[in-house]
Amino acid sequence: MSIDTTQTAPRPTPPTAPASASQAVSTQIESRRRDLASSAFQLMLIASLMIVLAALLATLASVAPGGLEVLRSRGVADFIQRPFSIRPQQTGVYQGIVGTVTSALIVTLVAFPLGLASAIWIEEYAGDTRISRLINVVIRNLAGVPAIVYGLLGYAIFVAGPFKSITGGRSVLSAGLTLSVLVLPIVIITSAEAIRAVPSSLRDGGYAMGATRWQVTRTLVLPNAIGGILTGTILGLARALGEAAPLILIGAKQSGFSAGNWGDLTGDFTALPVLISDWPTRPVSQWDGVTQALILVTLVIILGINAAGIVLRNRFTDKD
Amino acid sequence: MIPTDLAGDTRRRAIDRGIGICMTGAAATSVVISFAIIAVLFRDAIGFLSSVDFGALSNSIWSPRLGRFGILSPVLGTVWVTLIAALVAGPIGLASAVFLSEYANPRVRRIIKPIIEVLASIPSVVIGYFAIRFIAPELVMRLFPGSPGKNLMVAGLGVGLLTIPLMTSVAEDALRAVPQSLREASYGLGAKKVTTVTRVVVPAAVSGLVAGMILSISRAIGETMVVFLAAGGTGARPTTPLDGGLTITSAMASVASGTDNVAGVGNAFQSIFFLGLLLFLITLSLNVVADRFVRRVRQKY
Amino acid sequence: MISKKLRLAMATSVVVPALALGACAKKDSSANNADPATKAKADTSVSGKIVVSGSSTVEPITALVREDFIAQNGNVDISVDGPGTGDGFKLFCNGETDISDASRPIKDEEAQACVDTGVEFIELKIGIDGISVIAPEASPVKCLSFADLYALVGPESEGFTKWTDAEPLAKQLGSNTSFPDANLVITAPGTESGTYDSFVELVIESVGKTRVKDGKIAEDKIGATRADYSASPDDNSIIEGVASDPGGLGWVGFAFADQAEGLKLMPITKDPGGTCVEPSSATIQDGSYPISRSLYIYVNKAKAEQNKALAAFIDFYLDGLDGFVEAADYIPLEDSSTTKSLWTARTVGTQQG
C-alpha cells in the first residue's frame, strides 16, 4: 500500500487555475484559430478520462443488475442475516459482516488513538530533531509497504507469535490488529498534515496565556485539526476494510462454514472481501448472482464510509 | 531564582510530562513495527533459505507444496503484470492529470475528482472479480482469441485500472506545483496552450511525474487480489503475457489459502516469508527512489 | 470548553461502524431454513454443544446437516471446521472434538493415538466422492488407464507438451492407448485442494509404486503430479481451461463435471486393457468406476453417550443421509443400512480390513 494522495485529508489548496491575466492572453492567442493539434491533444486527454469513467461504470455494471436482482428477490435483511451455506439460494453474508464490522471497530479503537498520538508527538512535541526525522522516514516507508506483507507480520506476531494466547490465533482480533497496523501510517500521515495546517499564531497565543503544551494541543490545535484527522482516519478505515490479502494470510475462513458471531473475538472468522475472493470460484451458474449481491453489499459499506469521509472533508475545508 | 508561579503548578506540569511520554510511546510504535517487519521477514526467510538447496531456487517451476521453488516464475509474472499495469495506468493517469490540472475548470474538476476517488476506493478484490468476469471475456479473449481465460494480461489490465487513481493524483499534484509564472512566460512568448503544456509544464513537472510512475509501479507490484483471482496461478515460467502465471504476491496468497490453510507445514509455508522479503525489498527501494523525486520537486519550487 | 467538537468528532468516528453493527445485530441465531435438504426430524428436546472438525471435503456435508439441524433446534450449538483429515484426527483423539470428518479411513497410527488417550470411536461411512477426468467433448480419446494418466500427468511426465510425448512412457507401463497429436494442456486443482490429494493418492501413487519398485523414480516423488500444469483453485476455470483447448485434460469432482457443458467425462480403467467405465452416480456407487473414495465421520462414543445433543445430531445426520450427501454434490452410498446399524449398535472401531 502506498501513500495514496487521492485519499488524504484537506491540505492547503495549491494555486488553482491559471490566473486571469494569463488566461486572457492565452485565449487571445488561441481563440481565432484553434488548430488541429490542440484539439487532438485535448480530445486525447478527454478520451483518457472517458476510459477511466467507462471502466468504473463497467465495474459497477458487472455487479449491479445481478446483485440487485438477488437482493430484491431474497430481501436485503435475509441476505445479510443468513450465515454461509453451501446452497447458494440460502447463503448469506452474515459472518462476513460480523468480521468486517468487528475489525472496523478494533481498527477505530487501536489505530485511531495510536495514530493521533503519534501525529501529535511529531507535530507538537518532537521538534526538528534527528529522531523525529528518522520517525518521519520510517512512517513514510511503512505507508508504502504492500498490504500482504502486513499479513505476514500479523501472522508472525498475532497468529503464531507471542500474542497467540491473547488473540486465539486465527481470529477476528488478530485481523483487527493486523489491519490497525496496516492503516496506522495513513492515519499518522493524514493527522499530522491536518495538525500542521493549524496556524501557529493560535499556538503562540495559547503559550502566551501560560498554557502547557498539552493544554495548547487539546484546546487549540486538536479542535481545529479534527476535521482533517477524522477524514484521514475514515478514509484509512475504508481502505483497511477492503483488504483481503492480509486476512487470507492470517487465516480468514474462505468459506465461512464456522466463522464467528458477534462478540466472538478469538474464534474463527471471515470478512466480506475474503468471501469475495472465494465465491467466484464456486459453480458460476448458481453462485454468480449471490456473488454480485455480496460485492454490492461490500461496496455499499465501503463506499458509504468513504462518502462519509469525503463529505466530512468538504464540510471542514469549506469552513476553513 | 525562578518564580514558582511562572513555572506553573506542579500538577499541570506533571500531566503535561506524562502525556508527552505517552505521545512519544505512540510514535515509537511505528519504529517497533518497522523493526518487527524486518525481523520477521529476515528470520523466516533465512530459515527457509537454509532449509532448501540454493539450486532449488533456479527450478523451472514454483510449486512450494511439491517442493519446487523456482523463484523466476513469480518474478517473471510480476514483471509482466507490472509492465502491463504501467502501460495502462501511466498514459491514462498522466492524461487525466493533465486534463484536471491544465484544462478542466473548477466545476468539471468538482465532478471528475470524486469519480476518480470512487475508483480509488473500490476494494481490489472487486476489481479482481471485474477482471475475470469482464476484462477476460470482453477484452482479452476477443483481442487474443485462443488465450486462456485467466492470464497475466487480464491481471495486468486489472492492476492497471487499480493504479490509475494513484498515478492521476500524484501527477496532478506535480503539475499543479509548477509555478504559474512559467505558464505565463510561455504564453508571453506566444506559445499555444498545447505547446505550453507539453513543452513547459510537463517537463517542469517531470520529477513528480516520474515519482508518480514509480509509486504506481510499486503499488502494482504489491497488489495481490486481482492477480490472485485473474492470473491463472500456473507455477511454470511464463513466456508471454498471455500465459497463465502468478506473481510474488499471488504466490504468497495461494500458499496461505486452501484446505490445509495457514497450518501448512514445513518450508512450503515458510517460503512465503522469502517471497515477502523479496517483495518488501523491491517496494521499499522503489518508494525510497520515488521519495527522492518528490523531494526534488519540493526543493525546486 | 474542553472541545466539544473533538468529542463529537471522536463519537462520529465510532458511529459509522456502529450503525452498520446496529443494522445487523438483530440476527436470529437459528436461521430459518426455508428449504431443508431432507425431511429428517431433529430432536427438539436436546440442547448442548457439538464440535466437529476434520476433512474439508466432508465439511460441506456436515455443515449442511448442521444448518438443517439448528433450523429445527436452535438450542444446540454446533461448530464445523475443515482443517484436513489428518489434523482432524489429532484433535479427535485428544478428545477436543466430538465428530471427525474424514475423506479416508483412519490410519493405524492415528487409531493407536486414540487408543492411547482412551478415545473410542464409531466409524460411519456416509458417502462417496468420485473424481472425473475431463477432456473437451470432441476429444478423440476413448478411454484412459491409470498408466496413461500417470504418463500424462504423473511426476515423470514433466516437460511433455504434446499427448504423443507421453506415449513411450505409457507403453512402458503396459498401455497401448494411442494418443492424439495435440498439445497437452492440463488444467487441474491446485496442490492445496482435497481433489488434488485424492487424485494423486488414487491414481498417481498406485502406478508410482510399481515405478519405485522398478527403480525408475525415487519414492518421495510419487506423492505428486507433474508441477508444470495450470493449477486453479476454481473449478470453473478448470472446466473452461479444459474445454477451450482441443488437447485439454484435467480432473474435478464428479458432481461439478457432470453439470458442466462441452466436456467429455473420460471413461477410466484401472489396468491397461481392462474394462473402461464412464463415471456416473451408478458406477461410482457400485465401485466399478475406479477414481473414487469413501467419506466417513468418526464419532466419539463416550461423548455420544453423555451428550444427548450429539446422539440426536448423528440420528438426524443418518436419517437424512442420502439427501445431505446429494445436496453437497457427492454420491450417496448404494446401501446405507450398514452405516445405520453400526450407529444403532454403537459399534466401536474401524471396519477396514
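Of all residues being in a loop (DSSP other than H, G, I, E, B) and hydrophobic (A, V, I, L, M, F, W, C) in segment C:212-221, which is farthest from C:Y150 (Cα to Cα)? Just the residue, please.
Taking segment C:212-221 as the starting set, the residues that turn out to be in a loop (DSSP other than H, G, I, E, B) are C:214-218.
The next check asks that each one be hydrophobic (A, V, I, L, M, F, W, C); those that pass are C:217-218.
Numbers: C:I217: 13, C:A218: 15 Å.
Among residues in segment C:212-221 that are in a loop (DSSP other than H, G, I, E, B) and hydrophobic (A, V, I, L, M, F, W, C), the one farthest from C:Y150 (Cα to Cα) is C:A218.
Yes or no, residue by residue, for (1) over 16 Å from A:T298 (Cβ atoms); (2) assigned to a helix (DSSP H, G or I); (3) under 20 Å from the mean Cα position of the chain (by Cα):
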residue: A:T178; (1), (2), (3): yes, yes, yes
residue: A:L182; (1), (2), (3): yes, yes, yes
residue: A:P185; (1), (2), (3): yes, yes, yes
residue: A:A192; (1), (2), (3): yes, yes, yes
residue: A:L220; (1), (2), (3): yes, yes, no
residue: A:G251; (1), (2), (3): yes, no, no
residue: A:G260; (1), (2), (3): yes, no, no
residue: A:G267; (1), (2), (3): yes, no, no
residue: A:W279; (1), (2), (3): no, yes, no
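Working only within segment C:90-111, note down all residues that are aromatic (F, W, Y) and either assigned to a strand (DSSP E or B) or out of contact with any Cys (no Cβ under 8 Å at 6 or more places or on another chain) (or both). Within segment C:90-111, none qualify. Hey, among the residues in segment B:41-64 that are farther than 14 Å from B:F269 by Cα and open to solvent by less than 30 Å² (accessible area, probe 1.4 Å), which one's modelled with the lowest pLDDT? The qualifying residue modelled with the lowest pLDDT is B:A56. Please work out which residue is least open to solvent (accessible area, probe 1.4 Å), limiting yourself to segment A:275-285 and to residues that are at the interface with another protein chain (Cβ under 8 Å from one of its Cβ atoms) and of a type in the set (A, V, I, L, M, F, W, C). The selected residue is A:I276.
For residues in segment B:125-146 being over 22 Å from A:T298 (Cα atoms) and either in contact with an Asp or Glu (Cβ under 9 Å, 6 or more places away or on another chain) or open to solvent by less than 10 Å² (accessible area, probe 1.4 Å) (or both), which is nearest to the other protein chains (Cβ to nearest Cβ)? Here the answer is B:G146. Residues of segment A:159-176 that are within 11 Å of another protein chain (Cβ to nearest Cβ), of a type in the set (A, V, I, L, M, F, W, C) and in contact with a helix residue (DSSP H, G or I) (Cβ under 6 Å, 6 or more places away or on another chain): A:V159 alone. For segment B:108-124, a residue qualifies if it is over 20 Å from the mean Cα position of the chain (by Cα) and either open to solvent by 40 Å² or more (accessible area, probe 1.4 Å) or under 22 Å from A:P246 (Cβ atoms) (or both), and the qualifying residues are B:V108, B:R109, B:R110, B:I111, B:K113, B:P114, B:I115. Scanning segment C:230-253 for residues that are touching a helix residue (DSSP H, G or I) at 6+ places or on another chain (Cβ under 7 Å) and either at pLDDT 90 or above or of a type in the set (S, T, Y) (or both) yields C:S230, C:S232, C:G247, C:G248, C:L249, C:G250, C:W251, C:V252.
Okay, residues lined up against (1) touching a Pro at 6+ places or on another chain (Cβ under 8 Å); (2) within 14 Å of chain A (Cβ to nearest Cβ); (3) within 22 Å of C:T85 (Cβ to Cβ); (4) surrounded by 19 or more Cβ atoms within 10 Å (Cβ to Cβ):
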| residue | (1), (2), (3), (4) |
| --- | --- |
| C:S288 | no, no, no, no |
| C:S294 | yes, no, yes, no |
| C:Y298 | no, no, yes, yes |
| C:I314 | no, no, yes, yes |
| C:D319 | no, no, no, no |
| C:D329 | yes, yes, yes, no |
| C:D335 | no, no, no, no |
| C:R346 | no, no, no, no |
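Every condition in (1) closer than 24 Å to C:T161 by Cβ; (2) within 19 Å of the chain's Cα centre (by Cα) is met by C:E201 except one, and the failing one is (1).
Here is the figure for segment B:90-124: residues that are more than 10 Å from every other protein chain (Cβ to nearest Cβ) and in contact (Cβ under 8 Å) with a residue 60 or more places away in the chain total 1. The residues on offer are A:L241, A:L265, A:L235, and the sole one that is closer than 30 Å to A:I120 by Cβ and more than 11 Å from chain B (Cβ to nearest Cβ) is A:L265. Every test in (1) touching a residue at least 24 places away in the same chain (Cβ under 8 Å); (2) open to solvent by 30 Å² or more (accessible area, probe 1.4 Å); (3) not in a helix (DSSP H, G or I) is passed by A:V198 save one, and that test is (2).
Is at least one residue of segment C:135-148 among the hydroxyl-bearing types (S, T, Y) and crowded, with 17+ Cβ neighbours inside 10 Å? First the steps, then the outcome.
So the first thing to find is which residues in segment C:135-148 are among the hydroxyl-bearing types (S, T, Y), and the list is C:139, C:145.
Then drop every residue that is not crowded, with 17+ Cβ neighbours inside 10 Å, which leaves C:139, C:145.
Checked against the condition, which is being among the hydroxyl-bearing types (S, T, Y) and crowded, with 17+ Cβ neighbours inside 10 Å, segment C:135-148 yields at least one hit.
Please work out which residue is farthest from C:F199 (Cα to Cα), limiting yourself to segment C:79-95 and to residues that are within 14 Å of chain A (Cβ to nearest Cβ) and over 16 Å from the mean Cα position of the chain (by Cα). Reasoning before the result, please.
Quick first cut of segment C:79-95, residues within 14 Å of chain A (Cβ to nearest Cβ) only: C:79-84, C:87-88, C:91.
When the remaining residues are screened for being over 16 Å from the mean Cα position of the chain (by Cα), the result is C:79, C:91.
Working: C:S79: 29, C:L91: 26 Å.
Step by step, filter segment C:79-95, then rank; the result is C:S79.
Anything in segment A:267-287 that is acidic (D, E) and closer than 18 Å to C:S232 by Cα? List them, or say none. It would help to see each step written out before you state the result.
To start, the set of residues in segment A:267-287 that are acidic (D, E) comprises A:268, A:278.
Of everything in segment A:267-287, just one residue is acidic (D, E) and closer than 18 Å to C:S232 by Cα, namely A:D278.
Residues of segment A:26-52 that are at the interface with chain B (Cβ under 7 Å from one of its Cβ atoms), at pLDDT 75 or above and open to solvent by less than 50 Å² (accessible area, probe 1.4 Å): A:S38, A:F41, A:Q42, A:L45, A:S48, A:L49, A:V52.
Residues in segment C:284-316 that are in contact (Cβ under 8 Å) with a residue 40 or more places away in the chain and under 16 Å from C:I128 (Cβ atoms): 12 in all.
Conditions (1) out of contact with any Pro (no Cβ under 6 Å at 6 or more places or on another chain); (2) aliphatic (A, V, I, L, M); (3) in the same structural domain as B:A205 (by TED's automatic domain parsing), marked per residue:
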site	(1), (2), (3)
B:F42	yes, no, no
B:R68	yes, no, yes
B:L94	yes, yes, yes
B:R107	yes, no, yes
B:I112	yes, yes, yes
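Sub-9 Å Cβ pairs linking a first residue in segment A:117-128 that is more than 7 Å from chain B (Cβ to nearest Cβ) to a second residue that is assigned to a loop (DSSP other than H, G, I, E, B), at least 6 apart or interchain, are A:E123/A:V198, ordered by first then second residue. What residue, among those in segment A:109-128 that are open to solvent by 10 Å² or more (accessible area, probe 1.4 Å) and not aliphatic (A, V, I, L, M), is nearest to B:V31 (Cα to Cα)? So, considering only residues that are open to solvent by 10 Å² or more (accessible area, probe 1.4 Å) and not aliphatic (A, V, I, L, M), the one nearest to B:V31 (Cα to Cα) is A:W121. Considered as a group, the residues in segment B:190-215 that are at the interface with chain A (Cβ under 10 Å from one of its Cβ atoms) and either open to solvent by 40 Å² or more (accessible area, probe 1.4 Å) or not in a helix (DSSP H, G or I) (or both) include one that is farthest from B:I127 (Cα to Cα), and that residue is B:G190. Residues considered: A:I131, A:I135. Of these, the only one that is at the interface with chain B (Cβ under 7 Å from one of its Cβ atoms) and either free of Cβ contacts under 8 Å to residues at least 40 places away in the same chain or more than 15 Å from B:T29 (Cα to Cα) (or both) is A:I135.
The values are calculated or read from the model by the stated rules, or taken from the named source; none is laboratory data. Small disclaimer: the values here were computed from a predicted structure and weren't measured. Cβ coordinates were reconstructed from backbone atoms using ideal geometry, including for glycine residues, and neighbour counts include every protein chain displayed. Heavy atoms of the whole protein, side chains included, go into the accessibility calculation; ligands, DNA and RNA do not. Shrake-Rupley method; radii C 1.70, N 1.55, O 1.52, S 1.80 Å.
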